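The structure appears right after this line, and notes come after that.
Values quoted throughout were computed directly from the atomic coordinates according to the rules given, and no laboratory measurement underlies them. Just so it is clear, the model here is predicted, and its values are computed rather than measured. Backbone-built Cβ (ideal geometry, glycine too); neighbour counts: all protein chains shown.
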Amino acid sequence: MDCIFCKITGKEIPADILFEDDSLMVFKDIHPSAPVHDLIVPKEHIASIASLQGNHRDLLAHMIYTAKDTAEKLGLKGYKLVFNVGREGGQVIDHLHLHMLGGWNPIKQKKEIDAMPHPRLDK
Ligand code: 5GP
Ligand code: ZN
C-alpha cells in the first residue's frame, strides 16, 4: 500500500522518531505548525477516526497516554491534541494520527497579538 505513514512506521523512509513501541510511533511533523509538533501514529494502518472498530479502544487510549507521557518528557506544561478527520476535517494523510502541538510562550504570544494592527473595515 502506498501509505507514507506505513512507510515511516515500517522504517522504509526516515523520520525524526521520539518514541516507539510494538503498536505505535511518535515522530516530529515535517512541517511543524507549532514550536513542538509531534505525531502519534499507530503501526496498524487505520484510515481515520471515522474507520475505527470496537477493537481499537485500547489503541486509542494508548495513543492519548503516549501523547501525555511525551509531553511530560518534553517538559510541556500545556498542549493541544488534535485528530483531523476526513478531507472536510483537514486530514491529508489517510493513516490515523494524533497531532500534539505545544511549546508556545503565552506571554510573548499575547504581546504579539496586542501589537498587531486590527484590519480596518473601510468601505
Ligand atoms: P493531517 O492534515 O493529515 O492531519 O496531517 C498530516 C501531517 O503529516 C501534516 O502536519 C504534515 O506536515 C505531516 N507530514 C506529511 N508528510 C510527512 C512526512 O513525510 N514526514 C513527517 N514527519 N510528517 C509528514
Ligand atoms: Zn498506512
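When the Cα convex hull of the range 4-114 is projected onto planes of every orientation, the mean area is 7.7 nm². When the helices of the chain are scored as -39500 (n - 2.57) per DSSP H run of n ≥ 4 and the total is divided over every residue, the value at 222 nm lands at -8500 deg cm²/dmol.
Put in line by how crowded their Cβ is, counting other Cβ atoms within 10 Å and starting with the fewest, Leu81, Leu76 read Leu81, Leu76. Charge tally for Lys43 (other residues, Cβ to Cβ under 15 Å; Lys, Arg +1; Asp, Glu -1): -4.
Suppose the Debye formula is applied to equal point scatterers at every Cα of the range 31-90; what is log10 I(q)/I(0) at q = 0.12 Å⁻¹? Values returned for q = 0.12 Å⁻¹ are -0.34. Once C-alpha pairs closer than 8 Å and six or more residues apart are averaged by separation and normalised to the residue number of the range 4-114, the relative contact order reads 29 percent.
Neighbour counts of C-beta atoms inside 10 Å place His62, His118 in the sequence His118, His62, starting with the fewest.
Taking only Cα atoms, what is the 0 to 90° angle, nearest 10, from helix 57-74's long axis to the longest principal axis of the chain? Tilt of helix 57-74: around 50 degrees. The residues Ile49, Ile113, Ile13, Ile8, when put in order of fewest to most other Cβ atoms within 10 Å, stand as Ile113, Ile13, Ile49, Ile8.
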